[in-house]
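Below: the structure, in structure tokens.
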Amino acid sequence: MPLSVVCLLFSFLLLPVVKAGSHSANPEVLISQSSGAAKMSAESFSNLLYDSLQLDALGMSREALKLAYKGQQNLVKKGVISNDDVLTVCDFSQPSESKRMYIIDVKNFKVLLNTYVAHGRNSGQNYAERFSNRTRSLQSSLGFYVTKNTYLGEHGLSLRLAGLDKGFNDRAASRAIVVHGATYIGDEWRGSAYMGRSFGCPAVPARIAPKVIDLIKNGTCLFIYHPSKSYLHGSTILNG
């Protein structure tokens, strides 16, 4: 048998074996075997992240993470995101009673927090179905945001957001769209027809709002997802 064939067979014997149905292998090992994260496509890396963190068990849409990571990386290349370790996804394809905010450490493959997040009062009841960038619409705005500084307001500690998706959420600052705590959302409201809704802000349970804000403040990417064709086809961040 030629020496080259023997070497090839031997190399296959050294490959790690992952049992069917077992938890995903160490992500660092998987990335190494895939020639490094920098050489992986955004979709391949997001799939690895999704499977490793078993985000399906937490109810998250695979498509939501794929688009969130793709957009985040596009924004990093443009120098808009200063902290790309943390990625926040609000998956509005899920109902309000689900924990549909995911704060993910994409560098270390960790879910830092999974909690509830409110949508706008005029976006829908249990499901968010309508979205707007207009002032006083009381609707949520889809797309990518970069987190800014914190301040103390009528809802206590709050976090300013800058909307980056032109035509979809770029009026966030003038609309005062921020992350803040609210008493109308949380475990105590499970079993209701729907959780309380905001004036358009991605509000989170009041008791954990300081933790949420501390994890994502100062230059991280926040993405509000919904499978809306007008947004998915119109976002310059996703399609530019």
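What follows is calculated from the coordinates using simple rules that are stated; it is not laboratory data. Being a predicted model, the structure only gives us computed values, none of them experimental. Every residue, glycine as well, gets a Cβ built from its backbone with ideal geometry; the counts of neighbours run over all protein chains shown.
Structural remarks
- Fraction of beta bridges assigned by DSSP in the stretch 82-232 that are antiparallel (%, nearest 5): 75
- Magnitude of the charge dipole, the stretch 42-159, Cβ model with Lys/Arg +1 and Asp/Glu -1, debye to 20: 400
- Among the GluC sites (Glu not before Pro) in the stretch 125-188, those placed in a DSSP loop whose Cβ has at most 15 other Cβ atoms within 10 Å are Glu129, Glu154.
- Rounded to the nearest 20 debye, dipole of the stretch 104-238 from Cβ charges on Lys, Arg, Asp, Glu: 240
- Multiplying the residue separation of Lys229 and Leu152 by 0.36 nm and subtracting their alpha-carbon distance yields 24.1 nm.
- For the pair Arg190 and Lys77, a Förster radius of 41 Å applied to the C-beta separation gives a FRET efficiency near 0.50, rounded to the nearest 0.05.
- Neighbour-limited loop hits for trypsin sites (Lys or Arg not before Pro), the stretch 186-220 (at most 11 other Cβ within 10 Å; DSSP other than H, G, I, E, B): Arg190
- For the pair Ala176 and Asn108, the difference between a 0.36 nm per residue extended length and the Cα-Cα distance amounts to 21.2 nm.
- The residue list Leu222, Tyr194, Val111 was ranked by how far each Cα lies along the charge dipole of the stretch 92-240 toward its positive end, using unit charges on Cβ atoms, and Leu222 comes out on top.
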